[in-house]
1. Thr142 to Ser325: FRET efficiency via 1/(1 + (r/R0)^6), r the Cβ-Cβ distance, R0 60 Å, to the nearest 0.05?
2. Nearest 5 percent is fine: what portion of the DSSP beta bridges confined to the chain is antiparallel?
3. In terms of Cα to Cα distance under 16 Å, which lysines are near enough to Lys2, apart from those fewer than 8 places away along the same chain?
4. Between rounded, prolate and oblate, where does region 96-184 land on the alpha carbon gyration tensor, with a ≥ b ≥ c its root eigenvalues, rounded for a/c under 1.5, else prolate if a/b exceeds b/c?
5. At 0.36 nm per residue, and after removing the present C-alpha to C-alpha distance, how many nm does the segment from Arg163 to Ile218 gain when stretched out fully?
6. Springs between alpha-carbon pairs under 10 angstrom, Gaussian network model over the chain: which of Ala286, Ala118, Ala371 fluctuates most?
7. Give a quick list of GluC sites (Glu not before Pro) in region 351-428 that DSSP marks as loop, anything other than H, G, I, E or B, with at most 11 other Cβ atoms within 10 Å.
8. Where the centre of each part is set by its Cα atoms, how far does region 135-150 sit from region 189-248, in angstrom?
Amino acid sequence: MKVAIIGGGVTGLAAAYHLVNKGYEVALHEAGSQLGGQVRTIKIGGSDVEIFYHHLFRSDVVITDLIAKLGLESDLQWLPSVGAIHSEGKIYPFVGPIDLLRFTKVSLIARVRLGLAAMWLRYYSGWRKYEGVRASTWIKKTVGEAAYSAVWRPLLKSKFGSRFQDVSMTWFWGKVHLRFASRDGIFAKEKLGYLTGSFRRYIDLMSENIHNQGGTLITSSKVKSVLTDNEQVTGFKYTIDGEEYEESCDVILATTPSHIFKEIVPESVNNSKYGELLDSIEYQWASVLFLVLDRPLTDIYWLTMTDDDMPFVAVVEQTNLIDSSVYGGNHIVYFSNYADPDDAMMRLGVDDIFDVYEPYIKRINPDFDRAWVREKHFFTDRAGQPVVDYLYHERLVPHQTPLKGLYLANNTQIYPEDRGQNYSIRMGFRVADLIAINGTE
Ligand SMILES: Cc1cc2nc3c(=O)[nH]c(=O)nc-3n(C[C@H](O)[C@H](O)[C@H](O)COP(=O)(O)OP(=O)(O)OC[C@H]3O[C@@H](n4cnc5c(N)ncnc54)[C@H](O)[C@@H]3O)c2cc1C
């Protein structure tokens, strides 16, 4: 059985790795010039670093196992992370429970309720009870209106834009439950995982293994259409450097975002119930303004922004997790934002984005000067974050499609956890097993 995989991000590579090691013939096509998808990297000061910030939590056991299997176990560092909340020009450290007590933006009772709610979600695992429940409703009821408005409302709003009030409580549970599981104890500091030399290293080793097992990996190859005969996959068309090619295969696994999937499959899929499910799920853009500075901006790794007018949600200072000497003395800061599908900011160039962000960067550090900037980039992803609303569980898209031999695996199908490499790899392995069982059916 010949399996073609569309997309060389973590999901596609994990599926390819699993299938070639089971003895299947695999050809993977990636539209970009580099493998890795959202985990792709650029070089800063001679070292690789992800275009979007990346770290692991202790609960990310599938990727941790894979990294160990690939021989990189000793290079996976677990580092204490410094987190804080920025509100009205003030930075409130948020490392442990004591810091919560110092968060004077809300009353002492509200702080205690915030802490108890987080502790409940950390230990409670009956997430199915939260299906059909809006996170906004649950949080307001549990911690009160003031604490909701000061902490969680801005976060939901910044990630999900106009849809924030409808976000599912299961999503919120996953976010808090798995995040707090990254602490060794309730009073311990959070530890985050990072691979020495960037996550590119395990992606390279996975790719090498696929190649050594006889698999084919083709970059700069854009799949244009899935070919069928009698509702059965027979092959696909793709372009490299503007030249069109055609290849036959028995099974296709697409790992592209749903809107790209819809462009390459036959109309019969889009007109089916399956097509309706695909249409019912929306994505927010993910974006980062990526600055390379000659000095630190703050001494915090993860700074959450809560002011309503802030154009970014979080400031992630990579070089407060990994020493700047790794990047030739450069300091790397990501200004992360999520945006509605029609947000015009997502079409701006890096200089325009920087102009918009600059006064707000000064709110964090009033000394900030544009002369500190050695390099700047603006990276975006249209399918950065699926909108997991409170009825999401009723519309989960199955991996198997109405066309025989056609499968889909992308981040809309990660549930109840929030998107992450760990779950993309788990999904890649699971869909590979499904293909092994059901094949061309
Ligand atoms: C801002 C941001 C921060 C994140 N932070 C973390 C983190 O801290 N920790 C963590 O573990 N995870 C994090 N993630 C999530 C993690 O990166 C994703 O879960 C994972 O990379 C998704 O992999 P994927 O293969 O499903 O999708 P993608 O990476 O999107 O891969 C899909 C691939 O398909 C290709 N493609 C599309 N169309 C075609 C076509 N027609 N033909 C051929 N190829 C095509 C694309 O070029 C792309 O490479 C973050 C993601 C974002 C956006």
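1. Once rounded, the FRET efficiency stands at 0.85.
2. On the way: 57 of 77 bridges.
Of those bridges, close to 75 percent are antiparallel.
3. The reachable lysines, counting only those whose Cα sits under 16 Å from Lys2, are Lys22, Lys237, Lys404.
4. oblate
5. Going from the current span to full extension adds 16.0 nm.
6. Highest fluctuation of the listed residues: Ala371.
7. On the way: sites: Glu375, Glu394, Glu417; in loops: Glu417.
Here no GluC sites (Glu not before Pro) fit, given the DSSP loop and packing criteria.
8. 43 Å
Throughout, read-outs are computed from the coordinates displayed, never taken from laboratory work. Source: prediction; values computed, not measured. Note that each Cβ is placed from the backbone with ideal geometry, even for glycine, and that neighbours are counted across all protein chains shown.
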